[in-house]
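The values are calculated or read from the model by the stated rules, or taken from the named source; none is laboratory data. Keep in mind that what you see is a predicted model, and the values were worked out from it rather than measured. Cβ coordinates were reconstructed from backbone atoms using ideal geometry, including for glycine residues, and neighbour counts include every protein chain displayed.
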Amino acid sequence: MLVRSLVLQLGAMPQTIVQVSDTHLCEIFPYFADNWQHFAKEMEALKPDLLIHTGDISLSGTMDDQAMRHIRNEIDRLPVQCLAIPGNHDIGTTGGPLKPISEERIGHWQTHFGEDRFAFDIEDWRLIGLNTEILGSGLPSEDLQWVHLETACANAGGREIGIFLHRPLFEKTPDEPSSRWSLIAEPRARLIERLRAHKVRFVASGHLHRYRYISLEGIDLVWCPTTAFVTASTKNDGCIRRVGYLKWTFEGRHVRHEFIEPDGFTNHDMSWREKRAAKRAAIAAGQLAAE
Ligand SMILES: [Fe+2]
Ligand SMILES: [Fe+2]
């Protein structure tokens, strides 16, 4: 079931939230439906208090009613309330060459999944979800989202604050240039400044299909894994490239999370795409003979 209201309250303690991300569901090309079915069974057993989906819910659902209806039905079958924020595969993104973000595309998301941002109170925490794909767009909805962030933080009533995003703040360093891996540089700097000002405790994101846990001056930065596919790598960069989800436990002002890799999950490895792209680039540069 999908939660549409913006501010909800839960009661007894401790509370469990599951964060799932980058499910990339698709009725026509159900490449990753196997892991989703295992995930659904896992939710039947775990029965968390809330599910938060941090985007790329679809493989290619932008402005596709049939695709989004199928996914909404899958979400509605779960025995848990769900809050979802969109990813670039769902609504396009700022500066996206193929699917630039637009108010129409945001509206399409809202038709199927409700608001593209949220505020939710649990234990002594205020959890805030933001639409990262709109940042830097200059659209009216971006202005409204900055107001949403300020209002939700200012009215937190002394609760601790956690933020959920699709795109991570940055991949390597907070001052890195804009790239397709993280936030556009200017709104990133503004967002980090506001997170510091409001003493945000953690930022949980998706998009990169890997798990990582680091700290930025006291703000925990947690990358949620995907249930769809990974890009295997031998890089020693602190990331775990395995499929799974995160189980968050909130108790009073304390929070902890676990990376869960359910039995039966398949690590679909899409690293062949990068190898193919590298080979094509080498051929184009004359460094490799075409076959
Ligand atoms: Fe993704
Ligand atoms: Fe993404």
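Couple of notes before you dig in:
- Restricting region 171-200 to residues that are within 20 Å of Val147 (Cα to Cα) and of a type in the set (D, E, K, R) leaves a set whose member that is nearest to ligand 2 (Cβ to nearest atom) is Arg188.
- Among the candidates Asp49, Asp22, Asp76, the residue that is in contact with a His (Cβ under 8 Å, 6 or more places away or on another chain), touching a residue at least 60 places away in the same chain (Cβ under 8 Å) and under 24 Å from Ile122 (Cβ atoms) is uniquely Asp22.
- Against the test of being within 19 Å of the chain's Cα centre (by Cα) and hydrophobic (A, V, I, L, M, F, W, C), the options Leu165, Leu98, Leu139, Leu144 yield a single qualifying residue, Leu165.
- Residues of region 219-240 that turn out to be part of a loop (DSSP other than H, G, I, E, B), modelled with pLDDT of 95 or more and either crowded, with 22+ Cβ neighbours inside 10 Å or more than 16 Å from ligand 1 (Cβ to nearest atom) (or both), as a count: 5
- Residues of region 182-206 satisfying the condition of being of a type in the set (Phe, Trp, Tyr) and assigned to a loop (DSSP other than H, G, I, E, B): none
- Entirely in region 62-168, the strands (runs of 3 or more DSSP E) that have 3 or more residues that are out of contact with any Leu (no Cβ under 7 Å at 6 or more places or on another chain): 125-129
- Tabulated pairs, region 87-113, first touching a residue at least 60 places away in the same chain (Cβ under 8 Å) and under 17 Å from Ser178 (Cβ atoms), second away from ligand 2 (no atom under 13 Å from the Cβ) and of a type in the set (Ser, Thr, Tyr), C-beta under 6 angstrom, 6+ apart or interchain: Thr94/Ser137
- Lone qualifier among Leu208, Leu221, Leu169 - being under 25 Å from Glu258 (Cβ atoms) and in contact with a helix residue (DSSP H, G or I) (Cβ under 9 Å, 6 or more places away or on another chain): Leu169
- Here Glu27 meets the list (1) within 16 Å of ligand 1 (Cβ to nearest atom); (2) part of a loop (DSSP other than H, G, I, E, B); (3) modelled with pLDDT of 95 or more almost entirely, failing just condition (1).
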